[in-house]
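**Student:** Please see the structure below; I have some questions.
The values are calculated or read from the model by the stated rules, or taken from the named source; none is laboratory data. Because the structure is a prediction, the values reported are computed rather than measured. Reconstructed Cβ throughout: ideal geometry from the backbone, glycine too, with neighbour counts over all protein chains shown. When the accessible area is computed, the model is the full protein with side chains, heavy atoms only, and any ligands, DNA or RNA have been set aside. Shrake-Rupley method; radii C 1.70, N 1.55, O 1.52, S 1.80 Å.
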Amino acid sequence: FLMKVLVLTDSLALCRKHVDEIILYEQTYPYLLQKKFSNIDFVFTSIGGATIKQIFLQLTYYKFFKPDIVIIQCGIVDCAPRALTEFENKVLKKIPFFKLSSGIIYYLRKYRAYKYTSLNKFNDYCSRINKLLDKKTRIYCLGILPAFKKYEEKVPGIQNSVQEYNEVLKKHFTFISNSDFTEDAILSDLFHLNSKGHKIIFKKLSNIISN
């Protein structure tokens, strides 16, 4: 029978354009995996801006796919310190011509450090994912990518947040560390994968699937 592999991610697995950097679909790790393992039944779902709550909600449907392996990549949307809540963002966007300056955003982000998913809720959803899936299903989670100096300068506290949320992922899933990532594997937006980054993830997942 065909092995079934479910890959659920936020935007990191998607093709994209950032300024003059373009990641084609054929360069993404989902494409590379499907091309290499033609004898495996893959389902890939990537949602831009997804939190772990949205990953969990997708799993309430995809559990009926009865995957042998589930691979999850998420966390950066949950843990990044933010200036405004989701509700505040929605309200301000409705005000014509209103825009907060970068200085005010930096100040609010640094001192409010609001997170879309608190550490406790993140831990709770990880636990719920484990309970939702069949005990025979192997669940792997890619570690949140390291935040380098430029990212910390732009988003104060991001390095500590990444570390804290990765510790939660380690507690609940078979953790695939990305601590070996270097800056040249990440786009200039500071957190999405470039073509080198996609190849690194592809190799890590290939080793897991092959074994």
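**Student:** What's the angle, to the nearest 10 degrees (0 to 90), between helix 102-112's Cα axis and the longest principal axis of the chain?
**Tutor:** Its long axis makes an angle of about 70 degrees.
**Student:** Using a probe of 1.4 angstrom, how much of the accessible area of the chain is carbon and sulfur, in percent?
**Tutor:** 54 percent
**Student:** Name the longest site-free stretch of the chain, where the excluded sites are chymotrypsin sites (Phe, Trp or Tyr not before Pro) in a DSSP loop with no more than 12 other beta-carbon atoms within 10 Å.
**Tutor:** Counting only loop sites that pass the neighbour cut-off, the longest clear stretch is 99-211.
**Student:** At 222 nm, what value in deg cm²/dmol follows for the chain if DSSP H runs of at least 4 each add -39500 (n - 2.57) and the sum is divided by all its residues, to the nearest 500?
**Tutor:** Rounded to the nearest 500, it is -13000 deg cm²/dmol.
**Student:** Using the heavy atoms of the protein chains and a 1.4 angstrom probe, tell me the accessible area per residue for the chain in square angstrom.
**Tutor:** Computed with neighbouring chains in place, this is 56 Å² per residue.
**Student:** Please report, in debye to the nearest 20, how large the charge dipole of region 147-211 is about its Cα centre when each Lys and Arg carries +1 at its beta carbon and each Asp and Glu carries -1 there.
**Tutor:** Working: 9 positive and 8 negative charges, 53 e Å.
Result for region 147-211 is approximately 260 debye, rounded to the nearest 20.
**Student:** Got a sec to turn the phi values of region 196-204 into Karplus ³J(HN,Hα) couplings, 6.51 cos²θ - 1.76 cosθ + 1.60 with θ = phi - 60°, whole Hz, x for Gly and Pro?
**Tutor:** Values, residue by residue: 5, x, 4, 5, 5, 5, 4, 5, 5 Hz.
**Student:** Using the Cα gyration tensor of region 103-157, with a ≥ b ≥ c the square roots of its eigenvalues, what is the shape: rounded (a/c below 1.5), prolate (a/b larger than b/c) or oblate (neither)?
**Tutor:** It is oblate, given that a/c is not under 1.5 and a/b is not larger than b/c.
**Student:** Using only Cα atoms, tell me the angle between helix 158-172 and the longest principal axis of the chain; keep it within 0 to 90° and round to the nearest 10.
**Tutor:** For helix 158-172, the angle is close to 30 degrees.
**Student:** Enumerate the amide H contacts of T174 below 5 Å, restricted to partners 5 or more residues apart or on another chain; note that Pro and chain-start residues carry no placed amide H.
**Tutor:** Amide H to amide H, under 5 Å and 5 or more residues apart or across chains, T174 pairs with I139, C141.
**Student:** Another one. Report relative contact order for region 1-108 in percent, whole number only (criteria: Cα-Cα under 8 Å, sequence separation at least 6).
**Tutor:** 34 percent.
**Student:** If you don't mind, there's one more thing I want to ask. Kindly express, to the nearest 10 degrees and within the range 0 to 90, the angle between helix 52-62's C-alpha long axis and the longest C-alpha principal axis of the chain.
**Tutor:** With rounding to tens, the tilt is 30 degrees.
**Student:** Shifting gears a bit: Quote the relative contact order of region 107-211 in percent (integer), defining contacts as alpha-carbon pairs under 8 Å separated by 6+ residues. If you can, show how the numbers build up before the last one.
**Tutor:** On the way: 82 pairs, mean separation 28.8, N = 105.
Averaging sequence separation for qualifying contacts and normalising by length gives 27 percent for region 107-211.
**Student:** Which three semi-axes in whole Å describe the equivalent ellipsoid of the chain, each the square root of 5 times a Cα gyration tensor eigenvalue, listed largest first?
**Tutor:** In descending order, the three semi-axes are 30, 20, 16 Å.
**Student:** If you don't mind, another one. On full extension of the chain, what length is gained from Y106 through K196, given 0.36 nm per residue of separation minus the C-alpha to C-alpha distance?
**Tutor:** Stretched out fully, the Y106 to K196 stretch lengthens by 29.4 nm.
**Student:** Mark the label point 7 Å from the Cα of T137 along Cα→Cβ and return the residues of region 52-84 whose backbone N is within less than 18 Å of it.
**Tutor:** 52-75
**Student:** Right, here's the next one. Write down the Kirkwood hydrodynamic radius of region 1-116, to one decimal in angstroms, obtained as one divided by the mean of 1/r over all alpha carbon pairs.
**Tutor:** Across region 1-116, the inverse of the average 1/r is 16.8 Å.
**Student:** Still on this structure: If you add up the charges near L59, with Lys and Arg at +1 and Asp and Glu at -1, over every other residue whose beta carbon is less than 15 angstrom from its beta carbon, what do you get?
**Tutor:** +4
**Student:** Still on this structure, please answer the following. Taking the Cα centre as origin and putting +1 on Lys and Arg beta-carbons and -1 on Asp and Glu beta-carbons, what dipole magnitude results for the chain, to the nearest 20 debye?
**Tutor:** Values: 32 positive and 19 negative charges, 99 e Å.
Value, rounded to 20: 480 debye.
**Student:** Within region 166-193, list the residues whose amide N lies under 17 Å from a label point set 7 Å along Cα→Cβ of I40.
**Tutor:** Within reach of a label on I40, which here means backbone N under 17 Å from a point 7 Å along Cα→Cβ, region 166-193 contributes 174-177.
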